[in-house]
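First the structure, in the form of structure tokens, and then the observations on it.
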Amino acid sequence: MKVRTIQPSDIAAVAEVEAIAWGKNAATPEAIARRALVFEKGSIVVLDDDRIVGDAAAQLTDHISTESWRAQTDNGQIAASHKPHGTIAYGVSMSARPGVPGKGIAHHVIRHYAQIFLGGGCLALCVGSRVPGFAKWAADRKEASLGDYLVQLPDGRFRDPELRLYASNGFGILWGMPDYFPDEKSAGHGAMMVRRHL
């Protein structure tokens, strides 16, 4: 697989991948094109041979917070939230076609971003991760909190599969974020993840 910046001719294929990954929350073709226009280096595609199997968008910022995804990313448009001289690379979106063989698409995206951002002057890579195991976990507990869910297990792993994915690529948790993104499996919650080294 290879990673490159998005091109105008990729927009329809990227919109298709977004729709598969995010359903009603998928980025529109207009939003995909706008992100690339605002910050070309942050908008990438992952190719298996010549087929687009994944995509991602990032912005630069000078701070991160516990605010919602919409607030931190200008509703995914990044026009008002991208800071050209920011020293934190913030993941706006990452999407993948299911069932693609080989090393995961997330691995290729993160490796690419680490090389261009951490290798190019940024202090950290950050991403607000969904926690898609939370709603099911909380349903079985009378007093379930996001904080309890995010605590690492005795073996050092995270309960959540998405958090384990990021942890396997060098990320750790900074804090939980209630009401981060409208994902049913996460009960709307998320976690801010950070990676500081190549």
Residue count, segment 168-180 (criterion: surrounded by fewer than 19 Cβ atoms within 10 Å (Cβ to Cβ) and either among the hydrophobic types (A, V, I, L, M, F, W, C) or not in a loop (DSSP other than H, G, I, E, B) (or both)): 4
Enumeration of residues in segment 96-148 that are part of a loop (DSSP other than H, G, I, E, B), under 23 Å from residue 63 (Cβ atoms) and of a type outside the set (A, V, I, L, M): 121, 122
Residue in segment 11-22 that is in contact (Cβ under 8 Å) with a residue 60 or more places away in the chain, open to solvent by less than 50 Å² (accessible area, probe 1.4 Å) and assigned to a strand (DSSP E or B) present: no
Residue check for residue 97: open to solvent by 20 Å² or more (accessible area, probe 1.4 Å) and within 19 Å of residue 3 (Cα to Cα): yes
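State whether the residues of segment 79-95 include one that is among the aliphatic types (A, V, I, L, M) and in a helix (DSSP H, G or I).
No, every residue in segment 79-95 fails to be among the aliphatic types (A, V, I, L, M) and in a helix (DSSP H, G or I).
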Which numbered condition residue 53 fails, given (1) in contact (Cβ under 8 Å) with a residue 24 or more places away in the chain; (2) touching a helix residue (DSSP H, G or I) at 6+ places or on another chain (Cβ under 9 Å); (3) closer than 15 Å to residue 39 by Cβ: (3)
Residues of segment 48-83 satisfying the condition of being over 26 Å from residue 173 (Cβ atoms), under 18 Å from the mean Cα position of the chain (by Cα) and surrounded by 16 or more Cβ atoms within 10 Å (Cβ to Cβ): 52, 53, 77
Hits in segment 23-45 - residues which are aliphatic (A, V, I, L, M) and either open to solvent by 20 Å² or more (accessible area, probe 1.4 Å) or part of a helix (DSSP H, G or I) (or both): 26, 31, 32, 33, 36, 37, 38
Restricting segment 182-198 to residues that are among the charged types (D, E, K, R) and not in a loop (DSSP other than H, G, I, E, B), the residue that is surrounded by the most Cβ atoms within 10 Å (Cβ to Cβ): 195
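The values are calculated or read from the model by the stated rules, or taken from the named source; none is laboratory data. Just so it is clear, the model here is predicted, and its values are computed rather than measured. Because the Cβ atoms are built from the backbone with ideal geometry, glycine has one as well, and the counts that use them run over all protein chains shown. Just so you know, the surface numbers come from the protein's heavy atoms only, side chains and all, with ligands and any DNA or RNA stripped out. Shrake-Rupley method; radii C 1.70, N 1.55, O 1.52, S 1.80 Å.
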